[in-house]
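**Student:** Below: one structure in structure tokens.
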There are 2 protein chains.
Amino acid sequence: MQKSWLNEVQWTAEGLIPVVTQEFSTGKVLMLAWMNREALALTAQGGYAVYWSRSRRRLWRKGEESGHRQKVREIRLDCDNDALLVLVEQEGGIACHTGRHHCFFRRLEGDAWHTVEPVLREPKEIYGGP
Amino acid sequence: MQKSWLNEVQWTAEGLIPVVTQEFSTGKVLMLAWMNREALALTAQGGYAVYWSRSRRRLWRKGEESGHRQKVREIRLDCDNDALLVLVEQEGGIACHTGRHHCFFRRLEGDAWHTVEPVLREPKEIYGGP
């Protein structure tokens, strides 16, 4: 991968960049995830979001288990070259592994985090149960 | 600061958390920045966004030089407790130090990043020139 546009990205010491994923049609911020160079190249090439899973230490083709893929509409880089914004269409309308539309479902109210978004589909239905 | 809601946040090894800042009225993603515990407490308490500047290694009261403060409407935490979404009203309509509405002003088109947002006010007008 000799692509010069990839060289403009300021990767962290671990070779990653934080990615804000926003739903194209609603403007909802779906999630914050991470990409490495390969994930970004694959995302640009394939048209579907591919992240780097820091917990599993491997490429994570979003939707590979859930079917909730993210079709990419735009990829944007910020002023410091150290953050990405990816605009997507969220297949199935569920971005979060908890079965919610998006991951930012807890809101600070007074001195506590309150869940303010419903579960649209139970995780065990999405991922299969034991 | 003994507040338990602050203890629910998964801080990085450096004591930070990435923060997506979104404009409340337009849904635009303005920037990605970082907070430490003190910045988050001050943001919640004071109602204006306070970040941790990694380059300057100090608290950064957004707008302290530019006047472009961010009035906070909502603070949200994600499913893994390791990312924040802050919904704000952007005073002056300019979030980016380049004088643009927001920081994600370059879009990937083919094999290159293209600037697709105008400068609304020259940085030297905002910050003062030499």
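**Student:** Which whole-number percentage describes the relative contact order of segment A:57-130, with Cα contacts under 8 Å and a sequence gap of 6 or more?
**Tutor:** Values: 93 pairs, mean separation 16.0, N = 74.
So the answer I get is 22 percent.
**Student:** How much accessible area per residue does chain B have, in Å², with a 1.4 Å probe?
**Tutor:** Details: 6230 Å² over 130 residues.
For chain B, the per-residue accessible area is 48 Å².
**Student:** Loop only by DSSP, 15 or fewer other Cβ within 10 Å of the Cβ. Give me the chymotrypsin sites (Phe, Trp or Tyr not before Pro) in segment B:24-69 that pass, ordered by residue number.
**Tutor:** Details: sites: B:24, B:34, B:48, B:51, B:52, B:60; in loops: B:24.
Filter output for segment B:24-69: empty list.
**Student:** For residue A:15, place a label point 7 Å out from Cα along the Cα→Cβ vector, do the same in each other copy, and report the separations in nm, one decimal, smallest first.
**Tutor:** 3.1
**Student:** In chain A, what residue has the beta-carbon at the shortest distance from the axis of the rotation relating A to B, and what is that distance in angstrom, rounded to the whole number?
**Tutor:** A:27, 2
**Student:** Continuing with this model, one more query. Using a 1.4 Å probe on protein heavy atoms, which residues of segment A:30-44 have at least 50 Å² less accessible area in the complex than alone?
**Tutor:** So the qualifying set is A:32.
**Student:** Set the Förster distance to 22 Å, then compute FRET efficiency between residue A:25 and residue B:121 from the Cβ-Cβ distance, nearest 0.05. Write out the running numbers ahead of the final one.
**Tutor:** Values: r = 31 Å, r/R0 = 1.40.
So the FRET efficiency works out to roughly 0.10.
**Student:** Take the alpha carbon gyration tensor of segment A:43-106, find the square roots of its eigenvalues, order them as a ≥ b ≥ c, and report rounded if a/c is under 1.5; if not, report prolate when a/b exceeds b/c, else oblate. Walk me through the numbers on the way to the answer.
**Tutor:** Values: a/c = 1.40, a/b = 1.36, b/c = 1.02.
It comes out rounded by the Cα gyration axes.
**Student:** State the volume of the convex hull built on the alpha-carbon positions of chain B, expressed per residue in Å³ and rounded to an integer. Each step should come with its number before you reach the end.
**Tutor:** Working: hull volume 18.5 nm³, N = 130.
Residue-normalised Cα hull volume stands at 142 Å³.
**Student:** Moving on. How large a share of the accessible area of segment A:74-130, in percent, is made up of carbon and sulfur atoms when the probe is 1.4 Å and the other protein chains stay in place?
**Tutor:** Values: 1210 of 2550 Å².
Ligands and nucleic acids excluded, carbon and sulfur reach 47 percent.
**Student:** Distances in nm, one decimal, shortest first, from residue B:128 to the same residue in every other copy, taking the label point 7 angstrom along Cα→Cβ.
**Tutor:** Going from nearest to farthest copy, the values are 6.4 nm.
**Student:** I've got another one for you. Other chains' Cβ within 10 Å of A:52-64 residues: what's the mean? Working shown, then result.
**Tutor:** Numbers: counts 0, 0, 2, 1, 0, 0, 0, 0, 0, 0, 0, 0, 0.
Across A:52-64, the average partner-chain Cβ count within 10 Å equals 0.
**Student:** Continuing with the same structure: Given bins 5 angstrom wide, list per bin the percent of all Cα-Cα distances in the protein assembly as shown, short to long.
**Tutor:** 1, 6, 13, 17, 19, 17, 14, 8, 3, 1, 0, 0, 0, 0
**Student:** Given a 1.4 Å probe and no ligands, DNA or RNA in the count, how much accessible surface is buried by B and A, both sides, to the nearest 100 Å²? Don't jump to the answer; show the numbers that get you there.
**Tutor:** On the way: alone 7930 and 7920 Å², together 12450 Å².
Its buried surface, counting both partners, is about 3400 Å².
**Student:** Still on this structure, please answer the following. Determine the sum of side-chain charges near residue B:6: Lys and Arg each +1, Asp and Glu each -1, restricted to other residues whose C-beta is under 12 angstrom from that of residue B:6. Before the final figure, lay out each step's value.
**Tutor:** On the way: positive: B:3, B:37; negative: A:111, B:8, B:38.
Residues close to residue B:6 contribute a combined charge of -1.
**Student:** Still on this structure: Got a sec? Which residues of segment B:79-125 lose 50 Å² or more of accessible surface with every protein chain in place, vs. that chain alone, 1.4 Å probe?
**Tutor:** Flagged in segment B:79-125: B:79, B:104, B:106, B:107, B:108, B:111, B:113.
**Student:** In the full protein assembly as shown, how much of residue B:76 is accessible to a 1.4 Å probe, in Å² to the nearest 10?
**Tutor:** Around 20 Å² of this residue is reachable by solvent.
**Student:** Could you work out [θ]222 nm for the protein assembly as shown from helices alone, using -39500 (n - 2.57) per DSSP H run of at least four and dividing by all its residues? Round to the nearest 500 deg cm²/dmol. The partial results should precede the final answer.
**Tutor:** Details: 6 runs with 38 residues, N = 260.
So the helix-based figure for the protein assembly as shown works out to -3500 deg cm²/dmol.
**Student:** Along the Cα→Cβ direction, 7 angstrom out, place labels at residue A:73 and residue B:56. What is the inter-label distance in nm?
**Tutor:** A separation of 3.5 nm, rounded to one decimal place.
**Student:** Follow-up question, since we're still on this one. If you keep only loop residues by DSSP, which GluC sites (Glu not before Pro) in segment A:24-81 have at most 12 other Cβ atoms within 10 Å of their Cβ? Let's see the in-between values first.
**Tutor:** Working: sites: A:38, A:64, A:65, A:74; in loops: A:64, A:65.
Answer in residue order: A:64, A:65.
**Student:** Let me ask something additional. What whole-number distance in Å separates the alpha-carbon centres of segment A:55-74 and segment A:100-130?
**Tutor:** So the separation of the two Cα centres works out to 19 Å.
**Student:** Count charges around residue B:54 for me, please; just the other residues with Cβ under 13 Å from its Cβ, Lys/Arg as +1, Asp/Glu as -1. Spell out each step's value before the answer.
**Tutor:** Working: positive: B:56, B:57, B:58; negative: A:80, A:82, B:14.
Charge balance near residue B:54 sits at 0.
**Student:** Another question about this same structure. If each label sits 7 angstrom from Cα along the C-beta direction, how far apart, in nm, is residue A:93 from its counterparts in the other copies?
**Tutor:** Its label point is 3.5 nm from the equivalent points in the other copies.
The values are calculated or read from the model by the stated rules, or taken from the named source; none is laboratory data. The structure presented is a predicted model; accordingly, all values stated were derived computationally and were not measured. Cβ coordinates were reconstructed from backbone atoms using ideal geometry, including for glycine residues, and neighbour counts include every protein chain displayed. Accessible surface areas use protein heavy atoms only, side chains included; no ligands, DNA or RNA. Shrake-Rupley method; radii C 1.70, N 1.55, O 1.52, S 1.80 Å.
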